[in-house]
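The values are calculated or read from the model by the stated rules, or taken from the named source; none is laboratory data. None of these values were measured; they are calculated from a predicted model. Please note: Cβ atoms are built from the backbone with ideal geometry, for glycine as well, and neighbour counts cover all protein chains shown. The area values use the complete protein model at the heavy-atom level, side chains included, leaving out ligands, DNA and RNA. Shrake-Rupley method; radii C 1.70, N 1.55, O 1.52, S 1.80 Å.
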Amino acid sequence: MFRPSSPDDTPALRELWKKCFDADPAFLDLYFGKGTELCRTFVLEEQSAIVSALSVFDINDGDSKGGYVYGVCTHPAHRGRRYAVSLLKYVEDIYFRKGYKFFILRPASPTLFSYYRNIGYDRTLYVDRITEKLPLIPTELPLKPLSGERLYILRKRMCRQSQLFEWSEDMCRYILSYIDYCDGLAYETYDGAYLICIPDTATTGNIICEEWGQSGDRRMDLIKSAAKTLFTDAQNIIFKRPSTGRGEEYALYTTSTNHNLSPTILFNFTME
């Protein structure tokens, strides 16, 4: 049986996430404490047990509503029966009937891109990852921590150019909570410039800039100086930029119509 989840399902969903994603308790506390309040979760039950689940966050492309699909999972003992596919199609139908124009998702691993393409997510968004050296002596800058409200305002201003404004003010607050969970930092410099960075767990000395505001040549130097000020031991910073060519596969989407997303959109959920 397909159905929306209820608060009573939280213990079972938490256990399902532990089995499927090997998530640590701190992340589970964050997601099930704050994240699930910002999305709608749907489940598939078999003999009164939840065997598959997924969540949908609202996003917008101008005046068009869309859904960001997150946390698609099926209990290991029930895999191979296309439960996740059936649940996803059930949810798509609900949202498309409500007037939503597109569904977007980020596969958890490179091998899953072909899986999702085969079930209709055949449009691809790409990013370029660019590694830059950080200055040894950064320019002295005024820095202040970002609040959810301020991030919302700065992103709204920036996303007018990128054609996709994704998140609500509450979602911006949640993203900052997640950055804190990742031992990252989110700061504003001045004149609307900001950066959100996390340590690169794969390479010591690298930091990943999940998002930055007001990019450009002069602004890039500003962002690098701010990053070095915040992460004094870091040597390199990795930027993710939307690619109009064929960079790294980043996200997939499907539509109910011929609605197309701009290849230069900014889409950073910052939650891998």
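What to note about this one:
- Being touching a helix residue (DSSP H, G or I) at 6+ places or on another chain (Cβ under 8 Å), of a type in the set (Val, Ile, Thr) and free of Cβ contacts under 8 Å to residues at least 60 places away in the same chain is a property that does not hold for residue 85.
- Residue selection: residue 177 satisfies the criterion of being open to solvent by 10 Å² or more (accessible area, probe 1.4 Å), out of contact with any strand residue (DSSP E or B) (no Cβ under 7 Å at 6 or more places or on another chain), of a type in the set (Gly, Ala, Ser) and at pLDDT 90 or above.
- Looking across segment 22-80, just one residue is open to solvent by 20 Å² or more (accessible area, probe 1.4 Å), of a type in the set (A, V, I, L, M, F, W, C), in contact with a strand residue (DSSP E or B) (Cβ under 8 Å, 6 or more places away or on another chain) and in contact (Cβ under 8 Å) with a residue 60 or more places away in the chain, and that is 38.
- Pick from segment 180-201, criterion surrounded by fewer than 20 Cβ atoms within 10 Å (Cβ to Cβ) and in contact with a Leu (Cβ under 8 Å, 6 or more places away or on another chain), ranking: nearest to residue 157 (Cα to Cα): 192
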